[in-house]
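The values are calculated or read from the model by the stated rules, or taken from the named source; none is laboratory data. Just so we're clear, the structure is a prediction, and the values are computed from it rather than from any experiment. Cβ sites come from the backbone with ideal geometry, for glycine too, and all protein chains shown count toward neighbours. Surface accessibility is based on the protein's heavy atoms, side chains included, excluding ligands, DNA and RNA. Shrake-Rupley method; radii C 1.70, N 1.55, O 1.52, S 1.80 Å.
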Amino acid sequence: MADAVMGTVVEDREAAVASRRRLISRIVVYGLLGLISIVYIVPLLVVILNSFRTNAEIGANGLISLPNSFRLDAWPQAWSDFCIGGQCDGVARYFWNSVMMVVPATIISTTLGAINGYILSKWKFPGSEIVFGCMLLGVFMPGQIALLPWAFLLGQIGLSNSVYGLILVHCIQGLSFTTLFFRNYYVSIPDDLLKAARIDGAGFWRIFWKIIIPLSPPIIIVTVIWQFTGIWNEYLFGVVLNSGANQPITAALVALSMSGTTVRTYDVMSAAVLIGALPPLLVYFFGGKYFVRGLTQGAIK
Amino acid sequence: MAGQAVSAGTSTWDRIKKWTPIFIIAPSILASFIYVFVFAGWTFYISLSDSTLLPSYGFKGFENYVSLWTNRRWSVAYNNLLFFSLFYVTISMAFGLLLAILIDQKIRAESFWRTIFLYPLAVSFIATGTVWQWLYNPSSGIQFLVNSLGWTDFQFALTTDRKNAIWAIIITGIWGSAGFSMALFLAGLRSVDPDIIKAAQIDGASWFRTYRKVILPTIGPIFLAVAVVLLQFAIKTFDLAVALTNSGPGISTTFPATYVYDFMFQRGEIGQGAAAAMMVLAALAIVLVPYSLYLVWRRRREASNG
């Protein structure tokens, strides 16, 4: 009986030690996550709060401090009054340039990617593997290699310094990515499904519309998110191939933060940065799951 | 499969149908071919030419490469790339792995935490770089904050200090992409067979030992994949350097990618800019060619074993 009592005491003590150890490990895990997430949230919070503070107050208390003032003026100023490169009509124009560029470029490159992926996985022809391999190389090409050829080519076809030129650039740049995404997705659709349709007399397009597209929504969402965020955030081509009022929002953001020779208007600049970052942020918050999937797929390449 | 469609009949209509896919994909193939081979070939030719302000086609051999490699600015650029790659890649990976292991501890609201660590990836380096540039500004950012809290000697003026400006780019780069390595590592940790982990725990292995001896070795290939992708980011680093320091102070944060831009479009030295662009491509090839060969080799081995 003494043994039994001793036994339960030892068990109780062990259980207590185990639960304390568990508690400590929980505190460590959540503590670390909390600390690191502060580093992640603070920059976003700073820029959001500063867009609602007065510039005088930012100057007095620094960028990182709790707000003492509140006003909404910075947003309309950033949108339509702010001076960038001698033009004083805000980021609106550049924002719309980006919209005009990203929407068609995303739609076209995704559509082409779907059709190419369908052909390269389900309508293989002699040499199609080599073709796929060559298209894959486009994924790795650094933008710097293509700068001069693009500038020359767009000049030849009369699209220099235009949003249409950037649309073309992004469609062709994106082709290798979108084709890769769709091809890898379609490879896992069983061929038997198509064989049955073909026996019933379905042709190339009929199979595409009736079988392939209904199975595609997940990969379409991933590709659209990937292309949208990538094209929206692109800077190199936007600044090299276009100038002044035809540049996308990323180029405008750099221009306005570099023009800070006089007093920096952090309030208006914060609002401008947020306007420029908002579309991809919204895409991320609403399509996070698909964004991560695109990221990991893009990485495996 | 296209062959079966042909054998169904040989009328003109059938023949057209057989060629449909090839007709449809032909423009894409042509565009990709031009983009990859003609563009790269053209830039390579320009790098061998006497182009200055405008492209010209007088051949002058490898002179542009010689003057590139004797240019002090270029040596700053590739030294920066090596230094940046070393710290950016290793710290991003270590930090990403730490985050992945923390999130792997059956925590509450997992997707909430992941959302926080991944959002910088959705935003451009131009936007995040701009904001971080403000935070590095000694008269209003982090230094200002710490000084006003009472530690008046505190100095954190990275972007205005020649020697340390590259650390501003390294820190912001890590902040921007540690979440990416977290995502890949987490996917790897989740793919480890739970039976192996259970077996290790039954054998009495501690938490730390289970990770070190059982879990991490099985996700070895993921370490390599993350390293390769991060190295690729490092070689292409452009936006971040422009938004944070604009290659300065002086030329202290010049990178190969910013060098290309600078020589092609600011200094009117297209030939040398093209040579630098070819070196960026070469750096990528040095990383990616062995890696792709390794992947092919591994796939073959798996195929012959399975």
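Summary of computed values
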| read-out | value |
| --- | --- |
| Residue match in region B:110-120 (condition: among the aliphatic types (A, V, I, L, M), surrounded by fewer than 24 Cβ atoms within 10 Å (Cβ to Cβ) and within 7 Å of chain A (Cβ to nearest Cβ)) | yes |
| Selection count where residues are within 14 Å of chain B (Cβ to nearest Cβ) and exposed (fewer than 14 other Cβ atoms within 10 Å of the Cβ), scope region A:68-89 | 1 |
| For B:Ala243: the one exception among (1) in contact (Cβ under 8 Å) with a residue 24 or more places away in the chain; (2) open to solvent by 20 Å² or more (accessible area, probe 1.4 Å) | (2) |
| Qualifying residue in region A:117-125 (condition: under 27 Å from the mean Cα position of the chain (by Cα), farther than 28 Å from B:Ile270 by Cα and outside any helix (DSSP H, G or I)) | no |
| Hey, A:Ala196 surrounded by fewer than 22 Cβ atoms within 10 Å (Cβ to Cβ), over 25 Å from the mean Cα position of the chain (by Cα) and in a loop (DSSP other than H, G, I, E, B) or not | no |
| Pick from region B:129-152, criterion at the interface with chain A (Cβ under 7 Å from one of its Cβ atoms) and hydroxyl-bearing (Ser, Thr, Tyr), ranking: surrounded by the most Cβ atoms within 10 Å (Cβ to Cβ) | B:Thr130 |
| Some residue of region B:266-285 being within 12 Å of another protein chain (Cβ to nearest Cβ), of a type in the set (S, T, N, Q), under 22 Å from the mean Cα position of the chain (by Cα) and within 29 Å of B:Gly176 (Cα to Cα) | no |
| The one condition in (1) open to solvent by 40 Å² or more (accessible area, probe 1.4 Å); (2) at pLDDT 90 or above; (3) closer than 20 Å to B:Tyr291 by Cα that B:Thr218 fails to fulfil | (2) |
| Test: B:Ala178 is surrounded by 24 or more Cβ atoms within 10 Å (Cβ to Cβ), within 10 Å of chain A (Cβ to nearest Cβ) and farther than 18 Å from B:Phe238 by Cβ | yes |
| Residues of region A:29-57 satisfying the condition of being hydrophobic (A, V, I, L, M, F, W, C), over 24 Å from the mean Cα position of the chain (by Cα) and surrounded by fewer than 17 Cβ atoms within 10 Å (Cβ to Cβ) | A:Leu32, A:Leu35, A:Ala56 |
| Region A:280-292 residues that are under 13 Å from B:Leu118 (Cα atoms), paired with ones that are not in a helix (DSSP H, G or I) (beta carbon under 9 Å, 6 or more apart) | A:Pro280/B:Val123; A:Pro280/B:Ser124; A:Leu281/B:Val123; A:Tyr284/B:Val123 |
| Subset of region B:248-262 (residues that are surrounded by 23 or more Cβ atoms within 10 Å (Cβ to Cβ) and out of contact with any Leu (no Cβ under 9 Å at 6 or more places or on another chain)) | B:Thr254, B:Thr258 |
| Test result for B:Thr254, assigned to a loop (DSSP other than H, G, I, E, B) and within 20 Å of A:Met141 (Cα to Cα) | no |
| Among (1) in contact with a Leu (Cβ under 6 Å, 6 or more places away or on another chain); (2) facing chain B (nearest Cβ under 7 Å), the one test that A:Ser37 misses | (1) |
| Residue list for region A:223-254, restricted to those being over 18 Å from A:Ile84 (Cβ atoms) and facing another protein chain (nearest Cβ under 7 Å) | A:Thr229, A:Asn233, A:Leu236 |
| Considering residues of region B:60-105 that are free of Cβ contacts under 8 Å to residues at least 40 places away in the same chain and within 13 Å of A:Leu33 (Cα to Cα) only, the residue most open to solvent (accessible area, probe 1.4 Å) | B:Leu98 |
| Selection within region A:104-138 - among the hydroxyl-bearing types (Ser, Thr, Tyr) and either open to solvent by less than 20 Å² (accessible area, probe 1.4 Å) or in contact (Cβ under 8 Å) with a residue 40 or more places away in the chain (or both) | A:Thr106, A:Ser109, A:Thr110, A:Tyr118, A:Ser121, A:Ser128 |
| Among the residues listed as A:Ile220, A:Ile231, A:Ile207, A:Ile212, the single one being hydrophobic (A, V, I, L, M, F, W, C), open to solvent by less than 40 Å² (accessible area, probe 1.4 Å), under 30 Å from A:Ser98 (Cα atoms) and outside any loop (DSSP other than H, G, I, E, B) | A:Ile231 |
